[in-house]
Amino acid sequence: MSGPFYEAEIDLGPLKTRRLALIGYGNHGRSHALNLRDMGVDNIVIALRDGSPSRPKAQADGFTVESLDQAVAGADLVALLAADEAHKQIWDDHIAPNRPDGQGLIVCHGFSIDYDMLDPPSDCDVMLAAAKGPGGAVRASFEKGGGLVGFWAVHRDASGEAAAIAKAYLAAIGCGRAGIYPTSFKEEALADILGEQAVLVGGMCALAREGFEQLVAAGISERMAYIDTVHELKYIADLIHERGIHGMYAAISDTAEFGAHEVEGPIRDAVRPVFQAIVKDVTAGDFARRWVADYDQQRAGLHRMRAAVKDHPLEAAGLQVRGAVARRKDGSAT
């Protein structure tokens with residue numbers, strides 16, 4: 001039960017014997033479809049809305065493309081790979097009215113089930129198959145012979161095979177190469193949202209912007225400030241990915257490490273109340289309600305927030321730095 005499970009231990013039979021409809025052909029949908037097919041799971045149909053810009057891409061990749069209603073009606077399993085906030089509308093309008101009895105549901109995040117956005121009937125296997133990383137990385141790592149760590153969970157086991165199906169799905173998108181672990185819908189949903197909001201995206205961007213602004217205010221050029229607060233993040237992230245945090249510290253200068261240890265405590269003290277508030281907000285379901293409401297309003301709030309940061313001086317400095325690097329790589333600068 002505890003895992004990890006690896007590719008050689010997992011039978012893909014429960015997946016190969018079922019017709020699978022993948023709803024969505026964005027970063028996750030395309031990566032999953034290509035990996036599944038490469039692993040011998042070829043009874044796949046891509047379900048897309050009429051007029052979807054992804055339709056030509058899916059057809060060019062050699063997949064059968066059907067409308068949502070048609071694909072759902074002919075499938076034994078549905079993998080709902082569209083944006084989390086769209087799950088309720090897709091379920092209500094397309095899956096629930098068309099699904100045959102006994103059809104199973106796979107989601108790649110715990111969000112829509114944990115926050116009760118949809119409630120499949122009792123005859124439906126409800127499974128989580130989460131590859132931990134961006135959708136594009138699912139394919140990129142697979143093509144290099146690797147895979148992302150995967151987590152599976154079962155919300156409802158109507159067929160008696162839900163766990164086997166979830167693990168088979170993860171193995172077939174490459175996660176069996178890195179390790180597949182059990183989780184719960186609640187754990188995955190909270191960890192995913194908190195990790196992205198508070199650390200990987202929101203926290204990182206907040207620290208980068210604040211550091212940039214403080215350096216510029218101290219008289220540092222915007223180009224230098226960008227390099228030292230944003231551009232070099234990749235190098236640190238690569239070191240942590242390869243060696244862990246302790247190993248990263250061993251690979252940087254003593255000056256950087258000494259100062260980092262000094263400031264880490266005060267920074268953690270400052271952000272702890274913010275993190276605690278985020279956990280409370282997410283676990284109470286308040287974030288989910290705001291996000292779904294914003295989706296219902298055509299993402300008006302998200303568009304406002306995007307516009308608010310688009311013209312930050314950091315962005316202009318970044319364009320200059322990245323442009324210079326690109327010119328150097330293609331040989332147009334000496």
Worksheet item: Name the residues in segment 321-334 that are modelled with pLDDT under 90 and either loosely packed, with under 11 Cβ neighbours inside 10 Å or more than 26 Å from the chain's Cα centre (by Cα) (or both), would you?
Response: Gly323, Ala324, Val325, Ala326, Arg327, Arg328, Lys329, Asp330, Gly331, Ser332, Ala333, Thr334
Discussion item. I want to confirm something. Restricting to segment 248-265 and keeping residues that are over 16 Å from Gly211 (Cβ atoms) and not hydrophobic (A, V, I, L, M, F, W, C), which single residue is surrounded by the most Cβ atoms within 10 Å (Cβ to Cβ)?
Written reply: Tyr249
Discussion item. Contact list please: Cβ distance under 8 Å, first residue in segment 102-125 and under 12 Å from Val78 (Cβ atoms), second residue assigned to a helix (DSSP H, G or I) and of a type in the set (S, T, N, Q), pairs at least six apart or on different chains.
Written reply: Leu118/Ser112
Response to the item:
Picking from Gly244, Gly259, the residue that is part of a helix (DSSP H, G or I), without any contact (Cβ under 8 Å) to a residue 24 or more places away in the chain and on the phi > 0 side of the Ramachandran plot would be Gly244
Worksheet item: What are the residues in segment 141-162 that are in a helix (DSSP H, G or I) and without any contact (Cβ under 8 Å) to a residue 24 or more places away in the chain, if any?
Response: Glu143
Worksheet item: Asn98: assigned to a loop (DSSP other than H, G, I, E, B), at pLDDT 95 or above and not acidic (Asp, Glu), yes or no?
Response: yes
Item to complete: Return yes or no: is Arg49 under 25 Å from Asp296 (Cα atoms), free of Cβ contacts under 8 Å to residues at least 24 places away in the same chain and of a type outside the set (Asp, Glu)?
Response: yes
Practice prompt. Select, from Gly150, Gly136, the only residue that is at pLDDT below 95 and either buried (at least 22 other Cβ atoms within 10 Å of the Cβ) or under 17 Å from Gly24 (Cβ atoms) (or both).
Written response: Gly136
Fill in: Matching option when the condition is in a strand (DSSP E or B), over 26 Å from Leu190 (Cβ atoms), touching a residue at least 12 places away in the same chain (Cβ under 8 Å) and not small (Gly, Ala, Ser), among Val65, Val72
Val65
Worksheet entry | Candidates Ile44, Ile23, filtered to the one that is closer than 25 Å to Asp101 by Cβ, without any contact (Cβ under 8 Å) to a residue 40 or more places away in the chain and among the aliphatic types (A, V, I, L, M) | Ile44
Item to complete: Could you list all residues from segment 280-300 that are of a type outside the set (Lys, Arg), part of a helix (DSSP H, G or I) and either exposed (fewer than 14 other Cβ atoms within 10 Å of the Cβ) or touching a Ser or Thr at 6+ places or on another chain (Cβ under 8 Å) (or both)?
Response: Asp286, Ala293, Asp296, Ala300
Practice prompt. Go through segment 96-113 residue by residue and tally those that are among the charged types (D, E, K, R) and under 23 Å from Leu148 (Cα atoms).
Written response: 0
Response to the item:
Per the filter on segment 66-95, residues modelled with pLDDT under 95 and either acidic (Asp, Glu) or in contact with a His (Cβ under 6 Å, 6 or more places away or on another chain) (or both) are Asp84, Glu85
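The values are calculated or read from the model by the stated rules, or taken from the named source; none is laboratory data. The structure displayed is predicted, hence computed values, not measured ones. Neighbour counts run over all protein chains shown; Cβ positions are idealised from the backbone, glycine included.
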